[in-house]
Amino acid sequence: MKSKIVVLIIATVIFSFSLGIALYKPPIEEATVQELQAIDGIGETLSYRIVEYIDDAENFDINDLTNVDGIGEKRLKLVRKEFK
């Protein structure tokens, strides 16, 4: 009986840890060009524009990405799925 409880506890801890990793969204300010390119619909040129815009912004908010040429609400939604 004790061994079943221990196994259940270990499984719960592993699952919780895995779920936490899967739900983690890094800050967009830390995004690399390569990470941005991994998002469907965002290529190399747009990735560079995003990184440059973020680097130049003083008080950046993810919603400001619509100021980047090529980013509308649809692409902003895709970015929000990956970054906070």
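For the stretch 25-79, chymotrypsin sites (Phe, Trp or Tyr not before Pro) are listed when DSSP marks them as loop and at most 16 other Cβ atoms sit within 10 Å of their Cβ; the list is F60. Start at zero, step by 5 Å, and the Cα-Cα distances of the stretch 26-82 spread as 4, 21, 38, 30, 7, 0 percent across the bins.
Of all aspartates and glutamates in the structure, those lying under 14 Å Cα to Cα from K81, and not within fewer than 8 positions of it along the same chain, are E35, D40, E73.
How do L36, L78 rank when sorted from fewest to most other Cβ atoms within 10 Å of their own Cβ? Mind showing how you got there, number by number?
Details: L36 21, L78 14.
Listing L36, L78 from fewest to most nearby Cβ atoms yields L78, L36.
The numbers here are math on the coordinates, done by the rules we state, and not lab data. What you are looking at is a predicted structure, and each value in this text was computed from that prediction instead of being measured. All Cβ positions, even for glycine, are placed from backbone atoms using ideal geometry, and neighbour counts span all protein chains on display.
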